[in-house]
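For reference, the structure discussed in these notes is given below.
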Amino acid sequence: MMPVVAIVGRPNVGKSTLFNRILGQRKAIVEDFPGVTRDRNYAEVTRYEKPFTLIDTGGFEPVTEERMLVQMREQSQLAIEEADIILFVADGKEGLTPSDVEVAQMLRRVDKPILYVVNKVDGDAQEVGATEFYALGVETIHTISAEHGRGVPDLIDDILALL
Ligand code: GDP
Ligand code: MG
């Protein structure tokens, strides 16, 4: 069985953008408002002759914070069941939110490798702001810009190292 890498995180953090970036082509729909990925997107990716399945999780646009958390729980559940490696993505522009903390807490119970990714760190100037995500109690944060590709090659290397 091919290893499965699942991208989870609250709406609008850039999961689909990262999915497309890792894929190297546009497949998932990226939109300026949350919740556009109606279904899960699956893709087969091969880097350095190591194949894996990448899953982009989405869902309907949650109308309330509560609905969003339900969705996040479902995503986390999917990740727990199907994934071998989890990419937890947060939004460095928005900063750390209570929902990020809640999702991170859910994932902490998962006995699988989790890579913590702070997206939308488009330049050096945004690096400092991303340090607040260490409050999640994690050792390593990967700062990236899915949109511009910054930090993504290193992230892919770290994924491959876990395969
Ligand atoms: P998803 O809901 O988590 O799948 O998020 P999307 O991939 O649909 O992206 C949501 C919004 O964030 C879109 O407007 C993207 O263009 C924007 N976005 C995604 N990645 C980046 C990034 O690295 N930097 C910036 N500045 N914006 C980004
Ligand atoms: Mg999406």
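Just so it is clear, none of the values below were taken in a lab; they were calculated from the coordinates. Keep in mind it's a predicted model, so treat the numbers as computed, not measured. A quick note on method: Cβ atoms are made from the backbone with ideal geometry, for glycine too, and the neighbour counts reach across all protein chains shown.
For the reader, a short list of remarks on this structure follows.
- Looking across region 126-150 at every residue that is assigned to a loop (DSSP other than H, G, I, E, B), surrounded by fewer than 19 Cβ atoms within 10 Å (Cβ to Cβ) and of a type in the set (G, A, S), the one that is farthest from the chain's Cα centre (by Cα) is identified as G137.
- Scanning region 65-104 for residues that are more than 15 Å from V117 (Cα to Cα) and among the basic types (K, R) gives R67, R73.
- Every condition in (1) aliphatic (A, V, I, L, M); (2) within 15 Å of ligand 1 (Cβ to nearest atom); (3) closer than 17 Å to T17 by Cα holds for A130 except the one numbered (3).
- Checking each residue in region 89-125 for being crowded, with 16+ Cβ neighbours inside 10 Å, of a type in the set (V, I, T) and within 16 Å of ligand 1 (Cβ to nearest atom) picks out V89, V103, V117, V118, V121.
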